[in-house]
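My questions all concern the structure below.
Values in this text are rule-based calculations from the coordinates and carry no lab data. As the structure is a prediction and not an experimental result, all values here were calculated from the model. No Cβ is skipped: glycine too gets one built from the backbone with ideal geometry, and neighbour counts run over all protein chains shown.
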Amino acid sequence: MSDFVLETKNLGISFGGLKAVQDVNLKIKKNEIYGLIGPNGAGKTTVFNMLTGVYQPTTGTFFLNGEELKGNTQEKINHKGIARTFQNIRLFNNMTVVRNVMVGLHSAPEFKCTLLESLLRLPRHFRVEREMRERAKELLEIFGLLDERNHLAYNLPYGKQRRLEIARALATSPKLLLLDEPAAGMNPQETAELMDMIRFVRDHFDMTILLIEHDMSLVSGICDRLTVLNFGVTLAEGDVTTVLNNPDVVKAYLGD
Amino acid sequence: MTSLLQGLKNIKWKHYINYIAVGIFAILFTLMTFGGSLPQSTLYMLEEITMNILLSVSLCLVVGFLGELSLGHAGFMCVGAYMGGKLAVILSKTALGNGVLSFVFCMLLGAVVAGAAGFLIGLPALRLKGDYLAIVTLAFGEIVKTLFQNSSSESFGGPVGLRTPRFDKQYLFIIGFALVLLALFVIQNLIRSKHGRAITAIRDNEIAAKATGINVTKYKLLGFIISAAFAGIAGVFYSFSHNYVKAEVFDYNYSIEILIMVVLGGMGNISGAIISATLITVLNTELQTILTGDRAVLKDVIYALILIAIVIYNNAPALRSFRERFTPRAFVRRLLAKRKGNAYNADDDARWDVVPTKIDMDEVLSVDLKVVESTMRPDKEDKSDE
Amino acid sequence: MDFIITLVNGLSLGGVYAMIALGYTMVYGIAKLLNFAHGDVIMVSGYAILVFLSFDPILAIICATLFCMLLGIAMERVAYRPLRGASPLAVLITAIGVSYLLQSLAQIIFGAADRYVIVADLGSITLGEVKIDVGTIITLGASLVIMMALSLFVKFTRTGRAMVAVSEDRDAARLMGININRIITITFAIGSALAALAGLFSLFRVPTIMPTYGAMPGIKAFVAAVIGGIGSIPGAMLGGILLGVVECICNSTPLAPYTIAIEFAILIVILLVKPTGILGKKRREKV
């Protein structure tokens, strides 16, 4: 077993000759909250996209608990234990809140139910449906969404949509959770609540979290360690205070 | 009394409403035929109706639930009609004759071959979306039509068409009803299961579905195969009912007519698809006697106008708030709120009346260029300072 | 010699396809919608020429073109503009509805039977052993001139450049002060005018029209636009001419009955191998 939940080795990708991201080396320990920051267009979301199989890295590779995941399809990577949220929220808008979470539970081995069993309405179908719903409700309760469970995801207020996305990601029982700008569009109070929630998720679900964020109060408040990307390359890495006081980082953010 | 009411309340009636409605009509008409009070023309109409319900319900799976626009549904039907019809011709010369058993074999063959064609069309659906896929399905339908048109006269009759033995029984329409019930059983049970949930998740947001661990390949193909198989069955039924299969019938106008049934039925609404298929078939048959010659297209004008109006009404962004107040759904909601005296929760169902949102225009915008540009000029003001 | 005739025919048919394809590709690039009813504008043009032909052929052509432009603008105004911002699938279904509507209206007004429209008896010329219809040559020449003019228009006029801007990024173009509605209206007008001319040139080839006259050429032109790379003006020309030549060559071989199937098969293969077409730009979905 590897010491690190996630380890990337020289991860990089180029689009048509342009190196969007190069040589990213992340080492994330269990139960760590790890921040990935950097100016707009630094390649942070591209890193997420590589880690979840949306893009195939052109160089380097990455490991989850020592197992190489590069080259797998998105759903396979999710089954192996990486779940994510999106910068621009992507919910199943025309489905109810509880069903959004149930989709997340789809691949869990305990909820296995073949197509034939579902079509013929064998007992297992009913049991699985009932249990999935119960589990989904438990998750929704944790995230304070139980009362809205029968609303369409589309009609939830913004902050709750963000929470629902996290709940859905956790429903896939990941080992590593990737959060893409979870505090985007939130006011300071909501951000503070979000920080509590992220800590709670780590403790309650025994989770390791990698997050992209622009809100420095959130980053310095909850991250254990950071990596700063700029123009697709690693500018600095280490614990929060050191990194944020690094003159290169300050320069990248505030200009010369 | 109260416990009985409670028990009736607990049954999810809306899950069974389609079976019940179709079943009642089937029984009603069966009794009437054996009572001898149904004219031949009504029997033919019932055959048409059940066939069109099969077609619209199966297309509803792909368009309404999977969210892919298929303009080649008549192509699958064509495959089924020719395959089933040909097998019927062969079997009618054997000991099986023109009996129920050979009917079943023909159905199976039609379903399997059409399902295989559905698999083939599902493959491009994995890579293409929206308009492109619509055109590919249209192309598929036309290719199938052309191939059968140019077949040799010994194989599928070529341009003349294939003469098939009519399953000349008074009760052919009863088999039609049975097939509708079968289609409802399979498609409704599929949709109301975890597998159906996965399919609708793909419809709502394919990227999120993949990230949530849904095997998009598998479910897209599944949707296309099942839909095509039932279209194939409808095709076999066609060959048995019309006793003559001609490729021209299955052109893309037919596909569009089926699509109209699905859209008028409210997109992913199976009851709606059944009702609109029935209404359109009845109207078509009735109007045929009233409107003759070139005036017969008057009904097409009306269909087209209704289609345009419904799609615009259901989807125009500017009409959103208007829509929320003046839809049947909103009306029911208000009524329930008044009766129960509490706020109404959206029922535990997805919203279907709208055309799928899956292909969001913003999502198709180029990201490559944006990566390039923004990497070169990082936006400095936008960043929060500590 | 036969081959040269086939080739010239193919080029001229290709010119017609290219002109329709240009309309498709411009509308698709700028308004981001697949105007399924575009092919039916050809049919409307044919009937308009039929109606006005009793006055004067030139007048008929001008009137038909203007009528089609108005039709295109009206179509966009009534059916597509309310759906701007809605799912493309909704727009596509509406477009199918519009196509259906135009076809059935034409049938009500003019009947389903074929009507003969002989615009002018142009005769044919003989070059060596090759005898070619004047109509074919006019078609070929006119389509080349029109395409060139369109390319220059897009490249060098304010409106043309605004069109490119809108097709690249509608929101950015709006922020730059471009009137999106105006640009889309102009696009539909130009596209419909091209379709009207394509209708005229088709009449040189086969002087009969019926309500479904535009459907197949419309779909084939879309195939051409996709082959060339949708959204690309040179792509539409290339795809159109390629498809026209392939069609005429196929028609002169024993494969003739399968021509349509072959054309559609080419479409499917191209979409699967290179969905962006020959000259199309790559677009990647943003995650």
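Would you mind calculating the gained length between B:Phe34 and B:Glu154 on full extension (0.36 nm times residue separation, minus the Cα-Cα distance), in nm to one decimal? Don't skip to the end; give the middle numbers.
On the way: separation 120, 0.36 × 120 = 43.20 nm, distance 3.91 nm.
Going from the current span to full extension adds 39.3 nm.
Once you have the alpha carbon radius of gyration of region B:16-295, what is it after dividing by 2.2 N^0.38 Å, with N set to its residue count?
0.98
Which listed residue (A:Val250, A:Ile28, C:Ile125) has the Cα farthest towards the positive end of the charge dipole for the protein assembly as shown, taking +1 on Lys and Arg C-beta and -1 on Asp and Glu C-beta about the Cα centre?
So the residue we want is A:Ile28.
To the nearest µm²/s, what D does Stokes-Einstein give for region C:12-214 at 37 °C and 0.692 mPa s, using the Kirkwood radius over alpha carbon pairs as Rh? Intermediate values should be presented prior to the final figure.
Numbers: Rh = 17.7 Å.
Translational diffusion coefficient: 186 µm²/s.
Is it possible to state the helix-based mean residue ellipticity at 222 nm for the protein assembly as shown, with each DSSP H run of 4+ residues giving -39500 (n - 2.57), the sum divided by total residues, to the nearest 500 deg cm²/dmol? What is it?
The helix-only estimate for the protein assembly as shown comes to -20000 deg cm²/dmol at 222 nm.
When you look at the Cβ of every residue in B:184-196, what mean number of other chain Cβ atoms sits within 10 Å?
Other-chain Cβ atoms within 10 Å of each residue's Cβ, averaged: 4.
Right, here's the next one. Shielding of C:259-267 by partners, i.e. mean partner chain Cβ atoms within 10 Å per residue?
The shielding value for this peptide is 5.
Tell me the label-point distance for the pair A:Lys137, B:Thr42, using the 7 Å Cα-to-Cβ offset, in nm and rounded to one decimal.
It works out to 4.9 nm between the two label points.
Could you line up B:Leu59, B:Leu126, B:Leu335 from fewest to most neighbouring Cβ atoms inside 10 Å?
B:Leu335, B:Leu126, B:Leu59
In whole Å, how far is the Cα centre of region A:53-78 from that of region C:112-165?
Between the Cα centres of region A:53-78 and region C:112-165 lies a distance of 54 Å.
Going by a ≥ b ≥ c, the root eigenvalues of the Cα gyration tensor, does region B:45-96 fall in the rounded group (a/c under 1.5), the prolate group (a/b larger than b/c) or the oblate group?
prolate
Taking the simple approach of a point 7 Å from Cα along Cα-to-Cβ for both C:Ala172 and A:Ala192, what is their distance in nm?
Each label point lies 7 Å from its Cα, and together they span 4.1 nm.
Could you please tell me the mean projected area of the C-alpha convex hull for chain A, averaged over all directions and given in square nanometres to one decimal?
14.9
Got a sec? How would A:Glu75, A:Glu67 order by Cβ neighbour count within 10 Å, fewest to most?
So the residues, fewest neighbours to most, are A:Glu67, A:Glu75.
What's the exposure ranking of A:Leu145, C:Leu105, going from fewest to most Cβ atoms within 10 Å?
Least crowded to most crowded, the residues run C:Leu105, A:Leu145.
Given a Förster distance of 56 Å, report the FRET efficiency between B:Leu283 and C:Ser151 from their Cβ-Cβ distance, rounded to the nearest 0.05.
About 0.70, to the nearest 0.05.
Between C:Ala37 and residues 5 or more places away or on another chain, which pairs have amide H atoms under 5 Å apart, with H built 1.01 Å from N, and which residues are they?
Here C:Ser99 satisfy the definition.
Applying 1/(1 + (r/R0)^6) with R0 = 51 Å to the Cβ-Cβ distance of A:Asp147 and B:Leu181, what FRET efficiency is obtained, to the nearest 0.05?
The value I calculate is 0.85.
Taking 7 Å along the Cα-to-C-beta vector as the label spot, tell me the A:Ser14-A:Leu116 distance in nanometres, rounded to one decimal.
So the two model labels end up 5.1 nm from each other.
Given a Förster radius of 60 Å and the C-beta distance between A:Phe200 and B:Asn243 as r, what FRET efficiency does 1/(1 + (r/R0)^6) yield to the nearest 0.05?
The formula returns an efficiency of 0.30 here.
Would you mind giving the mean number of other chain beta-carbons within 10 Å of the Cβ of each residue in A:150-157, as a whole number?
3
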